2 protein chains.
Amino acid sequence: MTGDADRDAVLDVARQGQQAAIVLRTLTRQQKDRALHAIADALLASTDQIVVANHSDVAAAAAAGTDPAIIDRLTLNRDRLVAIADAVRDVAALTDPVGEVVRGYSVPNGLDIRQVRVPMGVVGMIYEARPNVTVDAAALCLKSGNAVLLRGSSSAHRTNQVLVDVMRSALDATDVPADAINLVPGTSHDSVKYLMTARGLVDVLIPRGGAGLIASVVEGSTVPVIETGVGNCHVYIDEHADLDKAVAILVNAKTQRVSVCNTAETFLVHAAIADAFVPRALAELKERGVTIHGDARIAAYVTAAGINFMPVTDEDWAAEYYSLDIAAGIVDSLDDAVRHIRQWSSGHTEAIVSDSATAIQQFIGGVDCAAIMINASTRFTDGAEFGFGAEIGISTQKLHARGPMGLSELTSTTYIVTGDGQIRG
Amino acid sequence: MTGDADRDAVLDVARQGQQAAIVLRTLTRQQKDRALHAIADALLASTDQIVVANHSDVAAAAAAGTDPAIIDRLTLNRDRLVAIADAVRDVAALTDPVGEVVRGYSVPNGLDIRQVRVPMGVVGMIYEARPNVTVDAAALCLKSGNAVLLRGSSSAHRTNQVLVDVMRSALDATDVPADAINLVPGTSHDSVKYLMTARGLVDVLIPRGGAGLIASVVEGSTVPVIETGVGNCHVYIDEHADLDKAVAILVNAKTQRVSVCNTAETFLVHAAIADAFVPRALAELKERGVTIHGDARIAAYVTAAGINFMPVTDEDWAAEYYSLDIAAGIVDSLDDAVRHIRQWSSGHTEAIVSDSATAIQQFIGGVDCAAIMINASTRFTDGAEFGFGAEIGISTQKLHARGPMGLSELTSTTYIVTGDGQIRG
């Protein structure tokens, strides 16, 4: 295909999505939930077909020398498909966000004003290897009344094609048009570019993946973007911290799952509590195989044999390791901690461990991020943990949605103003 | 200055804004309100100085042959300054949006989750001639805890410079840093470009002005943008319309104020009511000097002498006239009206006049816009009419804010999660 033909192909599916969105916005919850169950049924019924396609993707990735961790994320088997189908049914069980009255009141001239949730329209998802995102995103968009354009990793394109074919076929017997779910054609970078510039056809783009992917979408897109999931999270241990809680929270925040955005990448300790806290923290982190990238004052505590220690650099303060590494420093005051966090934060999650109400207030006033954890692990910044039931990503931008995004965050609003002939004087 | 020096100058004020924002986010309502009253006092005390500067701008615009309507918008006199100062005091009287708990609940593990409004940070305003926007925007941003970077029309730059100097001086005796309000240096288009690409320094850009200005900001910006104020509003007169209300609403929506975005630019009439409605509507519109750009079926009703009539073109259906012109057509069904609106709407305000609940529901389901008026004039889509007290613009995009934007729409949120040592299992 020529570039123009590629571009036309992308714009064509966007237009199909737009037509589907016209129908989707008028459907009842029941109509949408039935479609979601039909999708779950079809995914299970098509397990063999999906697994075969996935084998091809996995084999190609292996032949290309892809990292085993990435191959694991790419792999679908029967158990994972059951979990994916269950997640679709979970979405069906969630309340429909469309029609929710966000504000409602009357004004003196008798006009009745209601701000009501409506679907966005057409949502573009750009994401990396994991094919479960293909189904998750489709289910969440469908439930919120949006058409979705899916652009997964080219390494998963055989799997994604079959998943989308199966979902679209399942919709044929329902009131939801098949074009509610579409794969963006083409596996070149150009097809992403055409999607990013399909202004007027695509209402919002949600990139999910590494910092590079997200930055390229944010910089190159003329369609509005919601940035997600880049996390350089800090844990600050205040001088008024409960030591047991501080150690438990730090260890959990760093080690409970290292490859996710709400994992802690730096800890900062108030100097007044360093003697009591740092040796315990280093011992616990050592036991879990964590490498410490510490400042000179942390280094002074590194006496035990077997602690992996390296002097901290600016690259460390900036790093999202997604590994068993953590940057560490000692600060002379909460103000110094806040200043450090302001400099290096990605605006995701920042935690303070303290029993001082004053310190907590100062921390809240000083840091600017999607979520602040007070005496709790950074790992709680998550749609399921927040009770949203499902999440399409974690926004690290300030516009529209900040933090975990559930179904509500996939909607816009319309003011519905009801009068009885009112005119403006 | 070289381009680099210009760019540095813009980024420097953005950095100053960012520093001011760190202070602003922690101020109490009282501290901010005192600063607003100090600004209002200073504007009145500096009336002579402001009017002199404005004379220079007006003289330069007149010498350049500027349209008298634009010169009128540019002009500041004593009365207008009093109104501007009053508007600042009105903003002081509004509730502080910062700290508002949007959602608050506990989850099973005992975590207390609150979603709280916080300032955006640094807001960039790009706008056209009217210098009152300089003060309005500064007041609204200050009240919502944001630093503002103001980039007005170069034709008003002397006035804007004095207004900003006066406001900044007034802040010196308050707890609000002077850098809460800054003028973007430079009057070239490049200075706008530097502002639009100051990603990481500017949190949101709000362009206010004509379609060309807004499109150029949307296309060229890497900073998140909120589109405002482009309005191609329709009035649909359904077969079940009350004729008196329909005529009054149409006339009001078109003629009460022609130069604003919530003015009607097209009306569509159901064929079943055309005989009863169209002659009355044409007579009323004729009396107010309105030119009709109608389809062939409207043309059939143009019999009275003195009706200004022209055949409608696609340019008319697309037009935001901002003048005493209106496009008009007759449709065979509500569906046809909805299809027409979907094709030409700018997503601002669409009105239906009907006494049929079924028709109203169908209209709501079919059109996708910021505000839907049911038996009321399109002119009501307005922050003051909605009871917001003030408005920074009317968003016509779906992300973040849609419709009139008051103080709440100038905020983001942070999730504050309070625990007692919770870790994730």
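The values are calculated or read from the model by the stated rules, or taken from the named source; none is laboratory data. Since we're looking at a predicted model, the values are computed, not measured. Please note: Cβ atoms are built from the backbone with ideal geometry, for glycine as well, and neighbour counts cover all protein chains shown.
Here are the numbers:
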item: Selected residue [under 27 Å from A:Gln422 (Cα atoms) and not acidic (Asp, Glu)] from B:Thr266, B:Thr313; result: B:Thr266
item: Filter result for the condition that a residue is within 22 Å of B:Ala319 (Cβ to Cβ) and assigned to a loop (DSSP other than H, G, I, E, B), over B:Val269, B:Val260, B:Val278; result: B:Val260
item: Scope segment B:54-70; condition under 16 Å from B:Val133 (Cβ atoms) and crowded, with 16+ Cβ neighbours inside 10 Å; matching residues; result: B:Asn54, B:Asp57
item: Segments classed as strands (runs of 3 or more DSSP E), wholly inside segment A:347-425, with at least 1 members that are facing another protein chain (nearest Cβ under 7 Å) and of a type outside the set (Gly, Ala, Ser); result: A:371-376, A:411-422
item: Hey, B:Leu149 outside any strand (DSSP E or B) and surrounded by 24 or more Cβ atoms within 10 Å (Cβ to Cβ) or not; result: no
item: Selection count where residues are over 22 Å from A:Leu201 (Cβ atoms) and buried (at least 20 other Cβ atoms within 10 Å of the Cβ), scope segment A:1-32; result: 1
item: Number of positions in segment A:71-96 that are crowded, with 16+ Cβ neighbours inside 10 Å and either on the phi > 0 side of the Ramachandran plot or aliphatic (A, V, I, L, M) (or both); result: 11
item: Of the criteria (1) out of contact with any strand residue (DSSP E or B) (no Cβ under 9 Å at 6 or more places or on another chain); (2) away from every other protein chain (no Cβ under 14 Å); (3) not charged (D, E, K, R), which one B:Pro108 fails; result: (2)
item: Count of residues meeting criterion [free of Cβ contacts under 8 Å to residues at least 24 places away in the same chain and part of a loop (DSSP other than H, G, I, E, B)] in segment A:315-346; result: 0
item: Candidates A:Gly306, A:Gly329, filtered to the one that is in contact with a Leu (Cβ under 9 Å, 6 or more places away or on another chain), small (Gly, Ala, Ser) and more than 23 Å from B:Gly419 (Cβ to Cβ); result: A:Gly329
item: Selected residue (only one of A:Thr26, A:Thr66 is at pLDDT 95 or above and of a type in the set (S, T, N, Q)); result: A:Thr26
item: Selection from segment A:221-236 of residues that are polar (S, T, N, Q) and closer than 12 Å to A:Thr263 by Cβ; result: A:Asn232
item: Test: residue in segment A:129-147 that is aliphatic (A, V, I, L, M) and either at pLDDT below 95 or over 22 Å from the mean Cα position of the chain (by Cα) (or both); result: yes
item: Some residue of segment B:322-334 being at the interface with chain A (Cβ under 10 Å from one of its Cβ atoms), surrounded by 21 or more Cβ atoms within 10 Å (Cβ to Cβ) and under 17 Å from B:Val230 (Cβ atoms); result: no
item: Top-ranked residue in segment B:3-27 [being free of Cβ contacts under 8 Å to residues at least 12 places away in the same chain and β-branched (Val, Ile, Thr); ranked as farthest from B:Val184 (Cα to Cα)]; result: B:Thr26
item: Some residue of segment A:127-140 being farther than 19 Å from A:Arg73 by Cα and either touching a residue at least 40 places away in the same chain (Cβ under 8 Å) or in contact with an Asp or Glu (Cβ under 7 Å, 6 or more places away or on another chain) (or both); result: yes
item: Residue tally, condition under 30 Å from B:Val353 (Cβ atoms) and hydrophobic (A, V, I, L, M, F, W, C), over segment B:189-235; result: 5
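A quick yes/no check of all residues on (1) of a type outside the set (Lys, Arg); (2) out of contact with any helix residue (DSSP H, G or I) (no Cβ under 7 Å at 6 or more places or on another chain); (3) crowded, with 19+ Cβ neighbours inside 10 Å:
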| position | (1), (2), (3) |
| --- | --- |
| A:Val338 | yes, no, yes |
| A:Gly347 | yes, yes, yes |
| A:Val367 | yes, no, yes |
| A:Gln397 | yes, yes, yes |
| A:Arg402 | no, yes, yes |
| A:Gly421 | yes, no, no |
